Amino acid sequence: MKKFTIIICLSIGLSSFCQERIAYSDTSKYYQFSVNYWFNMHHFLWLESFMNQELDSTLISLEIDENSKNELSKALAYYKTYLTKEDLRLSEYQTAFKNWITQDENTLDIIPTEFVEHFKILTEFSPTYQALFWKSHLEACTKVLDENISIIRNTEEKYVDRITKLTRQFWDFEPIKVDVTFYAKSSTWNPRNRPYTSIFPTHVVMNASGENEVPGNWVELLYHESAHHLILGSSYFIGGTIKDVTEVKGLKPTRQLWHVILFYLTGEVSKNLLQDHGITYPETYMQRNNVFGRYHQLIEKHFRPYLTRESTLAESVENFITEAAK
Ligand SMILES: [Zn+2]
């Protein structure tokens, strides 16, 4: 079901206060997608402050008037003082703010004390964001959903079936919450916009800007992100087996092996499903972008047999780690 909500703005003094938060939503069997006005604004300000401060760069290419420039500078000054160093995925504050600003109720009547100042900054910047940036951000977010929703609906059941068998872990009972924002997360070592996920509960943030020219890429990334609740660093079947094998066999664990396996399994399952769906998809995200490039041959060699049920997970893990350490 698709839903458009017109953002209703009430004028409060000089600023405009938008009460409706979710501008667009859509669902599939396993996912609940939203495009949230305030969360998009927050990502825009965070990333612009990050680009200014950490990379001496900017996201803004359009000409903006003096008044808007001042409003933007005020908001960015707050972000640079308090938020730019707070990682969008790892910081406790950012996670708490995300949970509050993206909650399902569509009004923001009660503002927790710790967010009052931050939300005031957003409210003051809101007229400028609406006038200059929001329209294009909303359009891009709805476009990426429209382009991918039927692929998701046609492949998600098979995806969940296959990935839960490979990870031997139950999929979330509730549809997974997915917020689509124009800009997502960057770091100094990887300044590209990337989706990110927090778990317990699973909440995926997918970006609409950049890297969507490869049909199927967005779906693979969604499937990767949402599988983060199935594969943890040192528990559950995959992480637990890595720990078990390395302890018993006295092997030094390969750093981030759980994430290499997550990329490989979700990528290969997605690639097969996308190809079955008629999409030309010769390489996974991991292959196209050389993610964990030094392990590509080894993971294919030792985990293809796991995918095809010719080796156990423990055998694949042991063989991989032994050869990677050589
Ligand atoms: Zn990941």
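Taken together, the values in this text are just the output of simple stated rules run on the coordinates, not laboratory data. Just so you know, these numbers come straight off a predicted model, no measurement behind them. So basically every Cβ, Gly included, is an ideal-geometry build from the backbone, and we count neighbours across all protein chains shown.
Nearest 10 degrees, 0 to 90: what angle lies between the long axis of helix 135-167 and the longest principal axis of the chain (Cα atoms)?
The angle comes out at about 20 degrees.
Could you work out which residue, out of GLU225, GLU174, GLU124, moves most in a Gaussian network model of the chain, that is, has the largest mean-square fluctuation with Cα springs under 10 Å?
The residue with the greatest mean-square fluctuation here is GLU174.
Mind checking which aspartates and glutamates have their Cα closer than 14 Å to the Cα of LYS98? Skip sequence neighbours fewer than 8 apart in that chain.
Partners found: GLU86, ASP87, GLU114, ASP179.
Rounded to the nearest 10 degrees, what's the angle between the helix 313-324 long axis and the longest principal axis of the chain, both from Cα atoms, 0 to 90?
Roughly 90 degrees, rounded to the nearest 10.
Set Lys and Arg Cβ to +1 and Asp and Glu Cβ to -1, take the dipole of the chain about its Cα centre, and tell me which of TYR31, ASN289, LEU83 lies farthest positive.
Checking the options against the dipole of the chain, the answer is ASN289.
When the helices in the chain are scored as -39500 (n - 2.57) per DSSP H run of 4 or longer and the sum is shared across all residues, what 222 nm value do you end up with, to the nearest 500 deg cm²/dmol?
-16500 deg cm²/dmol
Which of the aspartates and glutamates could be linked to LYS74 by a straight reach, that is with a Cα gap under 17 Å, when you skip same-chain ones fewer than 8 residues away?
Partners within reach: GLU48, ASP65, GLU66, GLU117, GLU124.
For the stretch 43-80 and the stretch 87-158, what is the separation of their C-alpha centers, rounded to whole Å?
Using only Cα atoms to place each centre, the spacing works out to 18 Å.
Would you mind giving the three semi-axes, in whole Å and largest first, of the ellipsoid equivalent to the chain according to its Cα gyration tensor? Each step should come with its number before you reach the end.
Values: eigenvalues 297, 90, 66 Å².
Semi-axis lengths for the chain are 39, 21, 18 Å.
Expressed as an acute angle from 0 to 90° and rounded to the nearest 10, what is the orientation of the C-alpha long axis of helix 236-249 relative to the principal long axis of the chain?
50
Going through the cross-link list LYS69/LYS135; LYS29/LYS301; LYS143/LYS177, which pairs have a Cα-Cα distance over 25 Å in this structure?
Pairs exceeding the cut-off: LYS29/LYS301.
Looking only at Cα atoms, what is the convex hull volume of the stretch 229-283 per residue, in Å³? Please report the intermediate quantities before stating the final value.
Numbers: hull volume 4.8 nm³, N = 55.
Output value, Cα hull per residue: 87 Å³.
When the chain is treated as a GNM, springs tying every alpha-carbon pair under 10 Å, which of LEU145, LEU55, LEU47 comes out with the largest mean-square fluctuation?
Among LEU145, LEU55, LEU47, the largest mean-square fluctuation in the Gaussian network model of the chain belongs to LEU55.
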